[in-house]
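Please read the structure below before turning to the comments.
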Amino acid sequence: MPACLVLMIDSLDVKAQTPLFTAVSGKHLDCVVALLKAGADPNGSHYNNCSPVLTAAREGDLDVLRELLRFGAEVDVRPKVPEWASNATTCRGPLYISAVYGHLDCFKLLLLHGANPNYNCTDEKMLARIKQPKTVLEVCLRYGCGVEYIQLLIDFGADVYLPTLIIDKTTKQNEALVLLLKERVCPKTLMSQTRLAIRRYLTLANNDAAIDSLDIPLILRNYLKHNTSELM
């Protein structure tokens, strides 16, 4: 492909938006796929405050999000903010956004592709600047996300001791909170711990193809991909 065409694929408009970002915002899946195959940067422009992945996670566009991640988009991308910023919004990534907007399928897909289940942020310097960073578990509890979100975070290795819980007689004991409290006193099963260890060991654990290439029974491959519906 001529160099001029490569440059045009990631050309910016007056808002520093790339053609891919515009296609994602408009939910044009065919255009998204075509641009990605032509070499468009799946992370969009570093001059833009938002990113294609953040946009897809907010809109709950599962198919678009899947394509972005398949082409190597950063799963823990955060909003573009000044380096001196130190409030909690600076590390609100796609996992956080998908939970707040109630997009469970996107939430799980991000975890499958390696999203950090604790702070949804891997920038240690950024976390250090925030006085009281909120974990995704805390966010899910605060916004009343369903128990499914809590279970997924637990299954993907979230530290259940990180959230600061103030519980008294007036605290509403909903199902999600009960699950978290139970997890704090009950260790994970050996199967669950093994799955976590294997996924962490595989360098491409966020890619289904890496797991599919393992010489193990199908039922175990499905378990590694958290596809428990086929284990029944």
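Odds and ends about this structure:
Per-residue answers, yes or no, for (1) part of a helix (DSSP H, G or I); (2) within 22 Å of the chain's Cα centre (by Cα); (3) at pLDDT below 85:
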| residue | (1), (2), (3) |
| --- | --- |
| ALA176 | yes, yes, no |
| LEU180 | yes, yes, no |
| GLN193 | yes, yes, no |
| LEU196 | yes, yes, no |
| ALA205 | no, yes, yes |
| ILE216 | no, no, no |
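- Restricting attention to segment 1-26 and to residues that are surrounded by 15 or more Cβ atoms within 10 Å (Cβ to Cβ) and not in a helix (DSSP H, G or I), the residue that is modelled with the lowest pLDDT turns out to be ALA16.
- Among helices (runs of 4 or more DSSP H) entirely within segment 104-154, having at least 2 residues that are modelled with pLDDT of 90 or more and in contact with a Leu (Cβ under 8 Å, 6 or more places away or on another chain) singles out 104-112, 136-142.
- The lone criterion from (1) farther than 26 Å from GLU74 by Cβ; (2) at pLDDT 90 or above left unmet by PRO187 is number (2).
The values are calculated or read from the model by the stated rules, or taken from the named source; none is laboratory data. Values in this document were obtained by computation on a predicted structure and should not be read as measured data. Using ideal geometry, Cβ is built from the backbone for each residue, glycine included, and neighbour counts are taken over all protein chains shown.
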